[in-house]
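Asks: Take a look at this one; I'll ask things after.
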Amino acid sequence: MFKVTRYGRRELVIATIFALVVCAGVLAFAGVLPWWIILIALAPDLILYLWVLWFFRDPERNVPQGEGLFIAPADGRIADITNIGPESELGREGVRIGIFMNIFNVHLSRCPVDGVVESVEHRPGLFLDVRDPHASERNESATIRLKYQHGGQQHPVVFRQIAGLVARRIVTDLTEGQSVTRGQRVGMIKFGSRLELLVPAELVSTVCVDVGQISRGAETVLIESAQGDPQ
């Protein structure tokens, strides 16, 4: 069953009003113009409206079960897998996986792992193409820090919503102290963007994806942690 996300209600209302106004204007000439000209005039309006519906689709996903799994926070293409140091948003050595979303991907953001929200930091910035190497540091973003329990210890996990060339609004539906679950819908980026997952090195047993691979939010496992106490 086709479902539209609640994060797109405003845009859908605007698109519906616009579509109705255009249709009314074109159909006012129905008795004057040939039917095929009417259809040609209505086609762009219909295509735009259907694309808005498609962009804000909210498909159900089968979230993988099991301990120590970090899943993709978004649909898209694995753009980079990078070793990071203490100067990163994570504050320690770890691995960062970046996912590039084009305008045809599902744009919902999902929680990569169970945890508790430590903080949500919105930062204004530029709107560079997210394939630009400087976009991660300079673009508008929202950084979500989680406290994650594994092996009897608490670890930091970070995921970031980063606006792109077309994106002009980041929605983050989280508050400090909130408990979240793996695969939970937590926001959206409108339109075209990047998601990053940052995981501490001690939790990275296996990186399960390669650069260029297509990910499915809430389904694709990005990283697996070893069972038991991390070293």
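Asks: Please enumerate the residues belonging to region 98-114 that are under 13 Å from the mean Cα position of the chain (by Cα), crowded, with 20+ Cβ neighbours inside 10 Å and hydrophobic (A, V, I, L, M, F, W, C).
Replies: The answer is Ile99, Phe100, Met101, Val106, Leu108, Cys111.
Table: residues versus (1) of a type in the set (Gly, Ala, Ser); (2) outside the structural domain of Cys111 (by TED's automatic domain parsing); (3) modelled with pLDDT of 90 or more.
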site: Ala15; (1), (2), (3): yes, yes, yes
site: Trp35; (1), (2), (3): no, yes, no
site: Leu50; (1), (2), (3): no, yes, yes
site: Val63; (1), (2), (3): no, yes, yes
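Asks: For region 177-194, how many residues meet the condition of being at pLDDT 95 or above and out of contact with any strand residue (DSSP E or B) (no Cβ under 8 Å at 6 or more places or on another chain)?
Replies: Looking only at that region, the number is 1.
Asks: Being under 21 Å from Glu121 (Cβ atoms) and of a type in the set (A, V, I, L, M, F, W, C) is the filter here, so list the residues in region 77-94 that pass it.
Replies: Within region 77-94, Ile84, Leu90 qualify.
Asks: While we're here: On the basis of being of a type in the set (Gly, Ala, Ser), surrounded by 16 or more Cβ atoms within 10 Å (Cβ to Cβ), closer than 24 Å to Asn62 by Cα and touching a residue at least 40 places away in the same chain (Cβ under 8 Å), does Ala72 make the cut?
Replies: yes
Asks: Here's a follow-up. Have a look at Leu165, Leu174, Leu197 and point out the one that is at pLDDT below 85, assigned by TED's automatic domain parsing to the domain that holds Gly76 and either of a type outside the set (Lys, Arg) or in contact with a strand residue (DSSP E or B) (Cβ under 8 Å, 6 or more places away or on another chain) (or both).
Replies: Working: Leu174 fails: at pLDDT below 85; Leu197 fails: at pLDDT below 85.
Going through Leu165, Leu174, Leu197 in turn, the sole match is Leu165.
Asks: Now for a separate question. Take region 110-128 and flag every residue that is under 23 Å from Tyr7 (Cα atoms), at pLDDT below 95 and in contact with a Leu (Cβ under 9 Å, 6 or more places away or on another chain).
Replies: Phe127
Asks: Taking Gly85 as meeting all but one of (1) under 30 Å from Val207 (Cα atoms); (2) more than 17 Å from the chain's Cα centre (by Cα); (3) not assigned by TED's automatic domain parsing to the domain that holds Leu197, write down the number of the exception.
Replies: Exception for Gly85: condition (3).
The values are calculated or read from the model by the stated rules, or taken from the named source; none is laboratory data. Note that the structure is predicted; figures quoted are calculated from it, not measured. Using ideal geometry, Cβ is built from the backbone for each residue, glycine included, and neighbour counts are taken over all protein chains shown.
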